[in-house]
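Okay, so here's the structure we're looking at.
The values are calculated or read from the model by the stated rules, or taken from the named source; none is laboratory data. In this text the structure is predicted, and so the values were computed from the model without any measurement. As a convention, Cβ positions derive from the backbone with ideal geometry for all residues, glycine included, and neighbour counts pool all protein chains shown. These accessible areas exclude ligands, DNA and RNA; they are computed on the full protein's heavy atoms, side chains included. Shrake-Rupley method; radii C 1.70, N 1.55, O 1.52, S 1.80 Å.
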Amino acid sequence: FRIIKTDMAKKAFIFDLDGVIVDTAKYHFLAWQRLAAQLGIEFTPEHNEQLKGVSRVRSLEIILALGNVEASQEEKNEWLLQKNTEYLAYVEEMDESEILPGVMQVLDYLKHHKQNIVLGSASKNAKPILEKAKIIHYFDAIVDGNDVSNAKPDPEVFLQGANKVNDSAKNCIVFEDSVAGIQAANLANMISIGIGETEILHEADYIFNDFTFIDLSFIENLINEKCV
Ligand code: BG6
Ligand code: MG
């Protein structure tokens, strides 16, 4: 007889992109703020929290509602294009230095321990951004704004991600910086980890200011289900 060792637990770690892996949330904000100013709408960082994790089209609707601005479909399309063009100009200048502190350490640990690494983002620009940051090869599956029809807080993006790597929801851990994303992870019955402020992300199972506060023993425990 030979003793066959059972496989080590294999989880799926699903990462949001903007504001979790890379510091692009600030570029979304700057581009929306410029458009809002042009339309005479006040748009503050507090308002911006409502846009995090939310699709481009829905984001514009929220901004227009803030200013009670009504617009034709043509105008909306023009503004969406303008916002994305400005956003992409920022993205064009990006490199790996925009990866948020502590992220690489966690990605490397997960890779080393052969865990599934998945992207679950609302952005339609996710792939070029991962390429610019030179980390696209870390991902076993990518689900982005081009794949989903129901935006966060709908759990679709994360359920699709789990499906792509053949993991069930109970084996998935989601990293998110947005309220909508934490709600989506919770609705998917996944473990939700908020990256940001406790006051904003209080619905998450765990909250860290940023990835530098995540001890690798915490990740190890998630892999081995010691903290769930
Ligand atoms: C999310 C961001 O990740 O993607 C939102 O948090 C953004 O702010 C959304 O609006 C859509 O992104 P994009 O790149 O498709 O406009
Ligand atoms: Mg985000």
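Normalised by the number of residues in the chain, what is the relative contact order in percent for Cα pairs under 8 Å and 6+ residues apart?
Relative contact order comes out at 24 percent.
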| Semi-axes of the equivalent ellipsoid for the chain, Cα gyration tensor, largest first, Å | 34, 17, 16
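Quick one: what do you get for the range 57-190 if you divide its Cα Rg by 2.2 N^0.38 Å? Working shown, then result.
Values: Rg = 16.6 Å, N = 134, 2.2 N^0.38 = 14.1 Å.
Working it through for the range 57-190, the quotient is 1.18.
Roughly what % of DSSP beta bridges within the chain run antiparallel, to the nearest 5? Could you put the intermediate results ahead of the total?
On the way: 1 of 20 bridges.
Just about 5 percent of them are antiparallel.
In Å², and per residue, what accessible area does the range 75-127 have when probed at 1.4 Å with the other protein chains present? Display every interim value, and only then the final one.
Numbers: 2580 Å² over 53 residues.
On a per-residue basis, 49 Å².
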| request: Provide the packing ranking of 18-27, 214-223, i.e. peptides ordered by the mean count of other C-beta atoms within 10 Å per residue, highest first. | output: 18-27, 214-223
| Segments 106-115, 87-96 sorted - mean Cβ within 10 Å per residue, highest first | 106-115, 87-96
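Would you kindly work out the equivalent ellipsoid of the range 75-149 from its C-alpha gyration tensor and give its semi-axes, the square roots of five times the eigenvalues, largest first in whole Å?
On the way: eigenvalues 148, 49, 13 Å².
Semi-axes (√(5λ), whole Å): 27, 16, 8.
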| query | Under the Karplus relation 6.51 cos²θ - 1.76 cosθ + 1.60, θ = phi - 60°, what is the ordered set of whole-Hz ³J(HN,Hα) values for the range 180-187, x standing for Gly and Pro? | reply | 4, x, 5, 5, 4, 5, 5, 5
| Within the accessible area of the chain, what % is carbon and sulfur when the probe is 1.4 Å and the other protein chains stay in place? | 49 percent
| query | Just how much of Lys124 is accessible, in Å², when a 1.4 Å probe is used and the result is rounded to the nearest 10? | reply | 120 Å²
| query | Hey, could you pull the Cα Rg and Dmax for the range 24-65, both in Å? | reply | 9.1, 24
